[in-house]
Structure formats: C-alpha cells, structure tokens
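Reviewing the structure listed below.
Bear in mind these aren't lab numbers, they're just calculated from the coordinates by the rules spelled out. In this text the structure is predicted, and so the values were computed from the model without any measurement. Backbone-built Cβ (ideal geometry, glycine too); neighbour counts: all protein chains shown.
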Amino acid sequence: MNTKIADLMATQVVCAQPHHSVEHVRAMMGNNSIHAVPVVGPEQELLGVVSSVDLMADLKPATPINSIMTEQVFALPAYNDVSAAARMMRKNKIHHAVVTHEKKVVGMISSFDLLQLVEDHRFVMKPGPKGNKRSRAEKGAA
C-alpha cells in the first residue's frame, strides 16, 4: 500500500489551548462535528489530546482542558504509510491520531479516514502468508 497519511489526513485541524475550558472545547467539537481535539502550545507543539469520551464525564464547564487532557498522545508523521496509522490505532484501541511534522500538529487521521480507503477501493488485499519454511520442508520430507 503506497497511500501516505498525508493523503488522507484532515489538514484543517481544530486545536485547543491548555487554558480553554471544557465548555469551550465541547462547543468547538459540536460546531465542527469532530470527536477529538489536539491541545497545543504557543508554537503549535502537541501537548495532549481531548476526545469526546473525555468530555462525557460530569465536569464543571469552567474546568481547564489541560486538567483532563491525555498527555500521552499517539502521533504519527505525515510521510508514514497509512498502514502504520491503522496498526497503531488498532493496537491502542483509539479512533484518532494526531499527525505531526517537526513536533508541530499538521493534521488528524481517524478510523473513518482509513475506512475511506476501502470504500474508494484504494486498499488492495495482500495475499496471506504461505507458511514458514520449516513447515514446507517437513511436509516435503514426509
């Protein structure tokens, strides 16, 4: 598969700043129909991420987003193959990944973006493994 993350990612990324309130971020997500927001510093450097699941808790509207954001963020470079994004998202059971370039947020990719590959028929199934060499050698000796 030669499709790069840059080919699928959303480049118009809505970002939050650490001081934004829960109420503000909820409104940002609702107004933009998104389910995850990177939290960035003054140089667009990635500090954390907040998802709609994080906002489901009973939180005071004025709570600063940096108190609930996930600081351990799964980020990928834009030049990686989308298979790296799919593997990372499946392994960590997440639906969104932040795309960075030189530690700055440049995009977001979601499981829906990956499904678009299948829908657009750009994904080509690779043939399955043919078994290991030892198994074939043992079969030939029998």
Zone reached by a paramagnetic label modelled 7 Å from residue 115 Cα along Cα→Cβ, restricted to the range 36-60 with backbone N below 17 Å, covers 36, 52-53
Only helices counted: for the chain, with every DSSP H run of 4 or more residues adding -39500 (n - 2.57) and the sum spread over all residues, [θ] at 222 nm is -8500 deg cm²/dmol
Residue 45 neighbourhood, Cβ < 12 Å, K/R = +1, D/E = -1, net charge 0
Computed over the Cα atoms of the chain, the Rg and Dmax in Å are 19.5, 73
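Relative to the present Cα-Cα distance, how much length would full extension add between residue 92 and residue 12 at 0.36 nm per residue of separation?
Taking 0.36 nm per residue and subtracting the Cα distance, the gain is 26.3 nm.
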For the chain, the longest principal axis of the Cα atoms and the Cα long axis of helix 22-32 enclose an angle in degrees, to the nearest 10, of 60
Rounded to one decimal in nm, the spacing of the 7 Å Cα→Cβ label points at residue 66 and residue 53 is 2.5
Extension length gain for residue 83 and residue 2 (0.36 nm per residue less Cα distance), in nm, is 28.3 nm
In whole Hz, the Karplus estimates of ³J(HN,Hα) for the range 3-14 (6.51, -1.76, 1.60; θ = phi - 60°; x where Gly or Pro) are 6, 9, 4, 4, 6, 10, 5, 7, 9, 8, 9, 7
Sorted by chain and number, the residues with a modelled amide H under 5 Å from that of residue 63, at a separation of 5 or more or across chains, are 22, 23
